[in-house]
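Heads up, the thing below is written out as structure tokens.
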Amino acid sequence: MSDRMRRNVTLVCAAVLLAAASPVAAQTVGAPPQEALNSITVEELMGMLKFYSSDWMQGRATGEPGYDMATDYLAASLAASGVRPALPGGYFQEIDMVKYGLSEDFGFSLMRGGSSMGTFEGGTHFNLSSGYADWKLEGDLVFAGYGISAPDNGWDDYAGLDVAGKVVVAVDLYPGFGQEQTPFGTPQEASRAVRGRTATAQEKGALGLIIVPNPLAPERTRIRSLEQMMTVSRRPELLERVSQETYPVITVNGEVASRIFAEGELQRVVDRMQSSGRSQRLNLSGLTVRAHASMNRVPVPTRNVLAMVEGTDLKDEYVVLGAHADHTGMRGDEVMNGADDDGSGSVLLLELAEAFTNAGQRPRRTVIFGWWCGEEIGLLGAWHYTRHPIGSLEKTVGLIQMDMVGRNEEYDPRKSRGLPEETAEQNANAVNCIGYSYSSDMQALISRANEPVGLEVKFRYDAGTQNLLRRSDHWNFLQMGVPVAFLFTGIHPDYHEPTDTWDKINYPKMARIGQMAFRAAWELANTDNPPKLNPGVDIGR
């Protein structure tokens, strides 16, 4: 079958093609086979991505028909290339998730002195951040800074504050946002403190928690539409806990915040907290909230796609190469094509799977190729894999994750806060590598793999206000002790926009990233000394 015919394999043929896969004969392993490197081409990447990110795929939202079409295409392409399924039943690792959606019985209103200050619309003015079971909420409002109680770090928004039987109002983000150092240390450490504020509010006896936008970065507080809220899925192992999750956490927009605070009041108190490094008080007496919610729950079957090339003498050890197959679906009538995010990684992973399969020699370790579902709604597919891996994670020597590997990083004030103000031209030959600070061995391996390729590999973003270390599937593996290299060409103005389309991809650079990734994976799969995590490293679970 010619490359052109193989690349245009139709979804109609998928069921027939899935059965066609065979292992490669073992040979002595030496340098990365040139034939395999040469098979990673601009033409094939462009042809695949043009289809994979087309409107036909409807944005590839997990659990939706477009995602099923996309994963059918991946499986059919793998089979046509002779890449072996990783599971006895084929390429699909089935996962049962649950879709949560608000029923029509959902409301939020504010009152002052018993008089209504307005009734607000879910999905426009507010949404739920927690509380996915039925509940009702009514109580007086009390301001508690960022909602953090960490006296050991010199920050306690609850010190001397009685919130029992009241509803806490807290500012989004964290103290010291936008600064290199916060009261908690790095921005990453500050983010950890914020994640505990729901539990803190409960422990202090508050009835619920309302999060308002931070005036320093109001765009960081996003209100999901009702449609988007209905696509939130949870890990199946947490369903029992979630079904009992009756503690309401409500995120509101700037319009609602303007009814809670006097004009300029919130800006002033946040500025005082920034300049003083201490929590501040604000009187909200006379303000009351009434809210209630009722949730619908619908089972959502979905899947990861898993393929493999079996190893030889070390076949019971594993290397994982990953990308996420999903994107964000539709925005109204607009398709969120997700060509870069992560169509680029998905089709590049297809090329790497084909290159390994047709390399003419098998690697010593087994190589797993994983296309994860649910990345955009919580890294769910990779989370599931790390709990149900091929082989064992203890024998998984490393992961190379490719998420957004097709563009040139370009500063955008709406999306890139805290990142360098660089132009696309400055990053025309650049790719970021994340995870380096947790494994010097992996950093050195990526550097060696890049020497013949000549990319500008930027080892950065393991820390920072964007928290990029935790924002792709590699984070699940790192938490489980697997050394990782997350390849990422960076944020750009089309990130999570309908304008992230196939025609804006830097295909020559993307092909060279693929060649570097192949070289790195080849070394991972064959070395006598696989990378280790740095001694004493704190993963920060």
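Enumerate the residues in segment 504-541 having an amide nitrogen under 20 Å from the point lying 7 Å beyond the Cα of residue 448 toward its Cβ. Taking a point 7 Å out along Cα→Cβ of residue 448, the residues of segment 504-541 whose backbone N falls under 20 Å are 513-535. Taking θ as phi - 60° and the Karplus parameters 6.51, -1.76 and 1.60, the scalar couplings of segment 457-468 work out to 8, 9, 8, 8, 6, 5, 10, x, 5, 6, 6, 5 Hz in sequence order, x denoting glycine and proline.
Could you check the simple spin-label distance between residue 280 and residue 503, using points 7 Å along Cα→Cβ, in nm with one decimal? Each label point lies 7 Å from its Cα, and together they span 4.9 nm. The residue 422 and residue 181 beta-carbon pair, evaluated with R₀ = 22 Å, returns a calculated FRET efficiency of approximately 0.45. A run of the chain free of exposed loop cleavage sites, with GluC sites (Glu not before Pro) counted only in DSSP states other than H, G, I, E and B and at most 14 other beta carbons within 10 Å, reaches its longest extent at 264-420.
How many nm is it between the label spots at residue 219 and residue 159, if each spot is 7 Å from the Cα in line with the beta carbon? Reported label-point gap for residue 219 and residue 159 is 3.5 nm. Here, segment 104-293 is characterised by an Rg to Rh ratio of 0.95, where Rg is the alpha-carbon radius of gyration and Rh the Kirkwood radius.
In degrees, nearest 10, range 0 to 90: what is the angle between the Cα axis of helix 507-526 and the longest Cα principal axis of the chain? Compared with the principal axis, the helix lies near 80 degrees. Taking amide H as placed 1.01 Å from N in the peptide plane, the amide H of residue 117 sits under 5 Å from that of 110, 111, 112, each at least 5 places away or on another chain. For residue 135, the amide hydrogen comes within under 5 Å of the amide hydrogens of 293, counting only partners 5 or more places away or on other chains and with H modelled in the peptide plane. Put simply, the amide H of residue 130, placed in the peptide plane, has neighbours under 5 Å in 249, leaving out anything fewer than 5 places away on its chain. For segment 429-444, the Karplus equation 6.51 cos²θ - 1.76 cosθ + 1.60, evaluated at θ = phi - 60°, returns couplings of 10, 10, 9, 8, 10, 10, x, 4, 6, 9, 8, 5, 4, 5, 4, 5 Hz by residue, with Gly and Pro reported as x. Here the contact order of the chain, divided by its residue count and restricted to Cα pairs under 8 Å and six or more residues apart, works out to 20 percent. Across segment 104-293, the relative contact order, built from alpha-carbon pairs under 8 Å that are at least six residues apart, equals 38 percent.
Relative to the current alpha-carbon distance between residue 527 and residue 294, full extension at 0.36 nm per residue lengthens the span by 78.4 nm. Of all DSSP-defined beta bridges confined to the chain, some 60% are antiparallel rather than parallel.
Which of 50/509; 50/415; 395/458; 99/204; 136/166 have a Cα-Cα distance over 20 Å?
Working: 50/509 17 Å; 50/415 25 Å; 395/458 28 Å; 99/204 31 Å; 136/166 13 Å.
Over 20 Å apart, Cα to Cα: 50/415; 395/458; 99/204.
Converting phi to 3J(HN,Hα) with the Karplus coefficients 6.51, -1.76 and 1.60 and the offset θ = phi - 60°, segment 342-358 yields 10, x, 4, x, 5, 6, 5, 5, 4, 4, 5, 5, 5, 5, 5, 5, 9 Hz in sequence order, with x at every glycine or proline.
Using a Förster distance of 35 angstrom, determine the FRET efficiency expected from the C-beta separation of residue 412 and residue 272, and round it to 0.05. With R0 = 35 Å, the Cβ-Cβ based efficiency is 0.70.
Estimated purely from DSSP H runs of n ≥ 4, each contributing -39500 (n - 2.57), the mean residue ellipticity at 222 nm for the chain is -7500 deg cm²/dmol once divided by its residues. Among rounded, prolate and oblate, which fits segment 249-347 when a ≥ b ≥ c are the square roots of the eigenvalues of its C-alpha gyration tensor, a/c under 1.5 means rounded, and a/b larger than b/c means prolate? Prolate.
Within segment 104-293, what percent of beta bridges assigned by DSSP are antiparallel, to the nearest 5? If we restrict to bridges inside segment 104-293, about 65 percent are antiparallel. Along its first, second and third principal axes, ordered by size, the chain spans 79, 45, 41 Å in Cα coordinates. Of the trypsin sites (Lys or Arg not before Pro) found in segment 439-522, not one falls in a DSSP loop while having at most 12 other beta-carbon atoms within 10 Å.
Throughout, read-outs are computed from the coordinates displayed, never taken from laboratory work. Keep in mind the model is a prediction, meaning the values are calculated, not measured. Here Cβ is always computed from backbone atoms with ideal geometry, including for glycine, and neighbour counts include all displayed protein chains.
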